[in-house]
1. So for the chain, averaging the separation of alpha carbon pairs under 8 Å that are six or more residues apart and normalising by length, what relative contact order in percent results?
2. Mind listing P(r) for segment 1-84? All alpha-carbon pairs, 10 Å bins, whole percents.
3. Each label point is 7 Å from the Cα along the Cα-to-Cβ direction; what then is the distance between the points at residue 224 and residue 208, in nm?
4. Measure out, as a whole number of angstrom, how far apart the alpha-carbon centroids of segment 259-308 and segment 18-68 sit.
5. Dividing the convex hull volume of the alpha carbon atoms of segment 249-322 by its residue count, what do you get in Å³ per residue?
6. Against the longest alpha carbon principal axis of the chain, how many degrees, from 0 to 90 and to the nearest 10, is the axis of helix 282-293 turned?
7. Quick one: angle between helix 210-228 and the longest Cα principal axis of the chain, in degrees between 0 and 90, rounded to 10, please.
8. Run the Debye formula on the Cα coordinates of segment 56-304, all scatterers equal and no solvent, and tell me log10 I(q)/I(0) at q = 0.09, 0.13, 0.16, 0.18 1/Å.
Ligand SMILES: [Zn+2]
């Protein structure tokens, strides 16, 4: 290879590394934009009568409380044992704002297009339940954009109270619990309390940490205080639920059952005990909430009565699915890339398949399962993924150094990178990345979206490693 051709190869590989990195950043940015609404879940609508309205409705949302931890909380369990104790599937993504949007509007994340919203929804959805209850009140422990997104008549803390978000703020230390108690004890037809300390402990210390367990225990103690403040015990209907669980190492967002399925209890004016471990969908719980408030759900809110939902659970029915044809296209992309590697490299094709697998394994071993719940999939540079992929990059660099002598630098790089690129393109296709990059809906599909992000980082790193090796690789030795 002439010097000029070698330099051209280095420049091209570096440009491809940059392109992969840029595409990944654009795809991740598009996670957080609201998309167009999709069809309602395809299940039979249940017109059966609900439970009838209650004189007061109290909703307590324990943000980030996993089902396993909820089962161990004494006060919650004591209350659940007097009413309905069940499980809800919060849908996908398992992100607080979109999950609450589904709770209050009765539309799934895909139906509304509010899939991975972080910022406040302004104006609030016009048919959200709180906006339709004149005396509704909400009290949020922190992240006040969430309680301010659904049109409660009164919301605490005020939107301009920036100081409440600080860890040791007066609001958090005492005002919050007292204000929540006052809201519960008030005449409001609907009072909502959003507890965030469990989620915050999950992000900071992990779902398996003592801090997370302690936050859950504190929330349980506060719940005892709030239920005791009920002005008309036995006539108020209480809904206590979580919006998602947490990974052991902290994080949520994807569709893992331990994150997506949470405990929900309804007690107060309902007959019990009724323990039903069959999950209902969050939009079914919306229906129960609307019934309790004496409101009709929106026409496109297809939640069933709880009895109807338990009778035909439609498990996982709200999760986005990949069409068979798209799976076929992705599989073909990966296979074609492997075939190219074999054609260009012969036996070295094994290294071409091996290095991305070693890199992937490194990430999974160091950081845990690769899903949208794993914080490692989001950072712009992906330094943590790159570091964990080093063993894979070592395989790539070594193989390229050797293969260059046999087939030349350009062909060695192309062959060694093809399978990783093919796998990445296939997975990105499954996640809907190409459509998202030209303005389509956010590329959010359970599991594969997280894989696409990590594969993009691995591929970008692979191009960069190949560019470096291309600088120093030996010249091709022509056969004797
Ligand atoms: Zn969270």
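No value in this document is a laboratory result; all are computed from the given coordinates. Just so it is clear, the model here is predicted, and its values are computed rather than measured. Note that we place each Cβ from the backbone using ideal geometry, even for glycine, and neighbour counts take in every protein chain shown.
1. 24
2. In whole percents, the pair-distance histogram is 10, 16, 19, 19, 12, 10, 8, 5, 0.
3. Between residue 224 and residue 208, the simple spin-label model gives 2.9 nm.
4. 15
5. 140
6. Tilt of helix 282-293: around 20 degrees.
7. Compared with the principal axis, the helix lies near 20 degrees.
8. Computed log10 I(q)/I(0) values: -0.32, -0.72, -1.19, -1.62.
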